[in-house]
Amino acid sequence: MAPTPPPLTAAAIAAMRHEVRASLDGRSGLDDAGRIDAIRALEQLACTVSAAQAALAAELADSVEADHESLGIPAERRGRGVASSIALARRESPHRGQRHLGLARIVRRELPRTWAAWRAGRITEWRATLMARETACLTLEDRLAVDEFVAADQEAFEAMSDRQVIAAAMAEGARLDAEAHVSRRRKAESERRVSMRPAPDTMVWLTALLPVADGVSAYAALLRDADSARAHGDQRSRGQVMADELVRRVTGGAGEVSTEPADRPVALNLVMPHDALLGSSDDPAHLDGFGLIPAELARELVAGAVDAGDELWLRRLYASPTSGELVAMDSRARLFRGGLRLFIRLRDQVCRTPWCNAPIRHADHVVDAAADGPTSGVNAEGLCEARNYAKRAPRWRARPGPDGTVITTTPTGHQHRSRAPALASFTRRDVPRLTVDYVLAT
């Protein structure tokens, strides 16, 4: 029989913290590989520590509620003050304390696989939050099923990015209860709003919460204007042009205008199974620049474009029936070079760096062209700017793997594999090759 572990007292935790802090007083004595390993081990410790905080928060709530019950306090008032106590201990607002407490109770009781990964230090508190958020509209039975589907394989769960977790949980949840997801979307659309909060250096964050089609269209229009202005010699950065153009359009000011006509159409790229487009399945679609959207919303966008007389382009894509990733595209619609760049963006969705969710800015060779790397989909990956610059530093190496992966070796010898994410639920084992429709709605 295993010995009972000592209680996790504040004194024991303080001693542990003192030991870690003492190691920071001088140089670690580690080589570079050892430093990377230590950083990873500390991250795992931080994840486990956040899970321990959640467990203690849930225990505290249960204890206080039991005490309130013994005092004869009505059920609806039991447990009041617990979230505030947690917030004070964590040096956070009561609102955040309530969120931490709610997450602790939900994950422990209703997402056991996610809880196991969190306790083991494999995922962060934020990753657990995503799982809870994306299953909030489901029944307990369906929530447990999504948890099993996404998090049963802890190694695979740990390797997923935030966007991949959201996509997997949403796709499986929609498959189990499409109506619940539609109701949730309708409610979310009714809560659209604009808010403002202070930012450093006498700036503000102006935020708009919008339905996905409106938000993606607005962002794409600003991005188009920025790229056009810079192509015509504007010295402002892309972000500066977008910010200035947003203010000009909203306020009607006389700031610098875009060189493009204001009524030039904006492209929305949808990738979805052909049967979802025709209404015979409810597999989610992928909206370029955003991610997964329900099939019902994708059909609404296409039908709305048709009703409005907008231009629609259809192109045939092909996805692997086992992995769900895009593997080929009908190239008849455009020149090979432009089509290949579009294919890479649709295939990779976001930066291919593991756990990076940044937008793709560069379509780059895995094996550099200077080293005779071919210009092909196999030897290409979509990257954010920071990652593309990092891979050009000394002793960074990358090569395509035999299974469609990209294997990156860092200067310390650590290897990381990435592969293009599956698009929605495009994994079908009952067909030799899956046909997917790419819809360009303007």
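The values are calculated or read from the model by the stated rules, or taken from the named source; none is laboratory data. Owing to the predicted nature of the structure, the values given are computational and were not obtained by experimental measurement. Note that we place each Cβ from the backbone using ideal geometry, even for glycine, and neighbour counts take in every protein chain shown.
Residue pairs whose Cβ atoms lie under 6 Å apart, separated by 6 or more positions or on different chains, with the first residue in the stretch 114-125 and in contact (Cβ under 8 Å) with a residue 40 or more places away in the chain and in the same structural domain as Phe149 (by TED's automatic domain parsing) and the second among the hydrophobic types (A, V, I, L, M, F, W, C) and part of a loop (DSSP other than H, G, I, E, B), are Ala117/Ile123. Over 24 Å from Leu101 (Cβ atoms) and among the hydrophobic types (A, V, I, L, M, F, W, C), is that true of Ala51? No: the conditions fail for Ala51. With respect to the conditions (1) out of contact with any Ser or Thr (no Cβ under 9 Å at 6 or more places or on another chain); (2) surrounded by 13 or more Cβ atoms within 10 Å (Cβ to Cβ); (3) free of Cβ contacts under 8 Å to residues at least 12 places away in the same chain; (4) farther than 30 Å from Thr410 by Cβ, Pro94 falls short on a single one, namely (1).
Every condition in (1) assigned to a strand (DSSP E or B); (2) among the hydroxyl-bearing types (Ser, Thr, Tyr); (3) farther than 28 Å from Leu292 by Cβ holds for Thr408 except the one numbered (3). Of all residues in the stretch 103-162, those satisfying the criterion of being in a helix (DSSP H, G or I) and β-branched (Val, Ile, Thr) are Ile106, Val107, Thr114, Thr129, Val146, Val150. Every condition in (1) more than 24 Å from the chain's Cα centre (by Cα); (2) assigned to a loop (DSSP other than H, G, I, E, B); (3) touching a residue at least 24 places away in the same chain (Cβ under 8 Å) is met by Ile73 except one, and the failing one is (3). With respect to the stated conditions, Ala393 fails to be assigned to a strand (DSSP E or B), outside the structural domain of Arg127 (by TED's automatic domain parsing) and modelled with pLDDT under 85.
Out of curiosity, is Thr124 of a type in the set (S, T, N, Q) and touching a Leu at 6+ places or on another chain (Cβ under 9 Å)? For Thr124, the condition - of a type in the set (S, T, N, Q) and touching a Leu at 6+ places or on another chain (Cβ under 9 Å) - is not met.
Within the stretch 362-378, residues that are under 16 Å from Leu346 (Cα atoms) sit with their Cβ atoms under 6 Å from residues that are among the charged types (D, E, K, R), at 6+ positions apart or across chains, in these pairs: Ala363/Arg341. Of the residues making up the stretch 1-49, those that are among the basic types (Lys, Arg), over 20 Å from Ala120 (Cα atoms) and at pLDDT below 90 are Arg21, Arg27. I'd like the full set of residues that are surrounded by 12 or more Cβ atoms within 10 Å (Cβ to Cβ) and over 29 Å from Ala420 (Cα atoms), limited to the stretch 184-216. Matches in the stretch 184-216: Ala188, Glu189, Arg192, Leu206, Ala208. Look at (1) surrounded by fewer than 21 Cβ atoms within 10 Å (Cβ to Cβ); (2) assigned to a helix (DSSP H, G or I); (3) touching a residue at least 12 places away in the same chain (Cβ under 8 Å) and you find that Gly173 fails only one, number (1).
For the stretch 1-22, a residue qualifies if it is assigned to a loop (DSSP other than H, G, I, E, B) and loosely packed, with under 10 Cβ neighbours inside 10 Å, and the qualifying residues are Met1, Ala2, Pro3, Thr4, Pro5, Pro6, Pro7, Thr9. Of everything listed in (1) surrounded by 13 or more Cβ atoms within 10 Å (Cβ to Cβ); (2) free of Cβ contacts under 8 Å to residues at least 40 places away in the same chain, the single unmet condition for Ser50 is (2).
Residue count for the stretch 277-313 under the criterion of being modelled with pLDDT of 70 or more, surrounded by fewer than 19 Cβ atoms within 10 Å (Cβ to Cβ), of a type in the set (A, V, I, L, M) and not in a helix (DSSP H, G or I): the result is 1.
For every residue, the table says whether it meets (1) closer than 24 Å to Ala156 by Cα; (2) loosely packed, with under 13 Cβ neighbours inside 10 Å; (3) modelled with pLDDT of 85 or more.
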{"site": "Leu335", "(1), (2), (3)": "no, yes, no"}
{"site": "Phe343", "(1), (2), (3)": "no, no, no"}
{"site": "Pro359", "(1), (2), (3)": "yes, no, no"}
{"site": "Ala363", "(1), (2), (3)": "no, no, no"}
{"site": "Val367", "(1), (2), (3)": "no, no, yes"}
{"site": "Gly377", "(1), (2), (3)": "no, no, no"}
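From the list Ser258, Ser228, the one residue that fits, being surrounded by 15 or more Cβ atoms within 10 Å (Cβ to Cβ), over 20 Å from Phe343 (Cα atoms) and at pLDDT below 65, is Ser258.
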